[in-house]
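**Q** Let me give you the structure first, and then I'll get to my questions.
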Amino acid sequence: MSRSQTPCEMSDSEDDDIPQLSSHTLAALQEFYAEQKQTINPGGDDKYNVGVIEENWQLSQFWYSQDTALRLAQEAINAVGEGGRIACVSAPSVYQKLRELRREDISVYIFEYDRRFAIYGDEFIFYDYNNPLDLPEGVAPHSFDIVVADPPYLSEECLRKTSETIQFLTQGKILLCTGAIMEEQAAQLLGVKVCKFIPEHSRNLANEFRCYTNYDSGLDCET
């Protein structure tokens, strides 16, 4: 028969049963949480770095390479000119690169389902392609000089619904990035043609991607 335990003895015994983390493991855990906090809420100019918000593959997120994001951002700027308005629909890498370029004479908005991008304040507009015209009242029709769009899924339904949003937002110019297999549907829905420039992602994807525009763009240049 075991002897009876005082409250203090019981407490000491229970503490002994609790697993203790080593100092090395604890330091690694603290570093992980610090990195996660920085990813969720990066500060200063760093918040515009492409990739500062991690890809969420469950949302079919695959960021562009730095070179591709820069090329697309520069194309959008050249297409709208000084004082232009750019809508980035499901294309956060292009939005981030545009803001990283510090072009204060350009208005840029990000239409995105992932609310982590709400760190961009008033320039973030929640967007779900399943409800293509469910937009805030302040978003007027045909209020953007160009729409840069990258539908999250390679399906006719996703492209069709995203096309409704694009046509509502744009005054005319469209820069679409999607799979090569969507070329025919893109032409039918948006009147766009494939460009010579081939976009690349930070991770190699199995599907070939292409850029499409409905205007004469610099993306048809070889360099």
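**Q** Might you let me know whether the stretch 87-101 holds any residue that is open to solvent by less than 20 Å² (accessible area, probe 1.4 Å) and among the basic types (Lys, Arg)?
**A** Taking the stretch 87-101 and keeping what is open to solvent by less than 20 Å² (accessible area, probe 1.4 Å), we get 87-89, 91-98.
When the remaining residues are screened for being among the basic types (Lys, Arg), the result is 97.
Checked the stretch 87-101: at least one residue is open to solvent by less than 20 Å² (accessible area, probe 1.4 Å) and among the basic types (Lys, Arg).
**Q** Say we look at the stretch 79-106 and pick out the residues that are of a type outside the set (D, E, K, R) and under 15 Å from Gly172 (Cβ atoms); which of these is modelled with the lowest pLDDT? I'd like the intermediate steps shown before the answer.
**A** First, the residues of the stretch 79-106 that are of a type outside the set (D, E, K, R): 79-81, 83-84, 86-96, 98, 101, 106.
Filter once more, keeping what is under 15 Å from Gly172 (Cβ atoms): 79-81, 84, 86-87.
Working: Ala79: 97, Val80: 97, Gly81: 92, Gly84: 96, Ile86: 98, Ala87: 98.
Checked the stretch 79-106; the qualifying residue modelled with the lowest pLDDT is Gly81.
**Q** Hey, can you tell me all the residues within the stretch 189-216 that are more than 20 Å from Leu70 (Cβ to Cβ), touching a Lys or Arg at 6+ places or on another chain (Cβ under 9 Å) and outside any loop (DSSP other than H, G, I, E, B)?
**A** Result: Leu189, Val194.
**Q** Here's a follow-up. Any residue in the stretch 108-132 that's in contact (Cβ under 8 Å) with a residue 40 or more places away in the chain and over 17 Å from Leu169 (Cα atoms): show its pairings with residues that are open to solvent by 70 Å² or more (accessible area, probe 1.4 Å) and acidic (Asp, Glu) at Cβ separation under 9 Å, as long as the two are six or more apart or on different chains.
**A** Filtered contacts from the stretch 108-132: Arg116/Glu54.
**Q** State whether the residues of the stretch 116-130 include one that is of a type in the set (S, T, N, Q) and open to solvent by 40 Å² or more (accessible area, probe 1.4 Å).
**A** Restricting attention to the stretch 116-130, the residues satisfying the condition of being of a type in the set (S, T, N, Q) are 130.
Then drop every residue that is not open to solvent by 40 Å² or more (accessible area, probe 1.4 Å), which leaves 130.
So far as the stretch 116-130 goes, yes, one or more of its residues are of a type in the set (S, T, N, Q) and open to solvent by 40 Å² or more (accessible area, probe 1.4 Å).
**Q** Considering the stretch 70-107 alone, what residues qualify as being among the small types (Gly, Ala, Ser) and within 11 Å of the chain's Cα centre (by Cα)?
**A** In the first step, residues of the stretch 70-107 are kept if they are among the small types (Gly, Ala, Ser); the result is 73, 76, 79, 81, 83-84, 87, 90-91, 93, 107.
The answer is Ser90, Ala91, Ser93.
**Q** Can you tell me which condition Ala186 does not meet? The list is (1) of a type outside the set (Asp, Glu); (2) on the phi > 0 side of the Ramachandran plot; (3) not in a loop (DSSP other than H, G, I, E, B), and all the others hold.
**A** If we test Ala186 against (1) of a type outside the set (Asp, Glu); (2) on the phi > 0 side of the Ramachandran plot; (3) not in a loop (DSSP other than H, G, I, E, B), just (2) comes out false.
The values are calculated or read from the model by the stated rules, or taken from the named source; none is laboratory data. This structure is a prediction, so every number in the text was calculated from the model and none was measured. All Cβ positions, glycine included, derive from the backbone under ideal geometry; neighbour counts span all protein chains shown. Ligands, DNA and RNA are stripped out before the accessible areas are found, and what is left, the full protein with its side chains, is counted by its heavy atoms. Shrake-Rupley method; radii C 1.70, N 1.55, O 1.52, S 1.80 Å.
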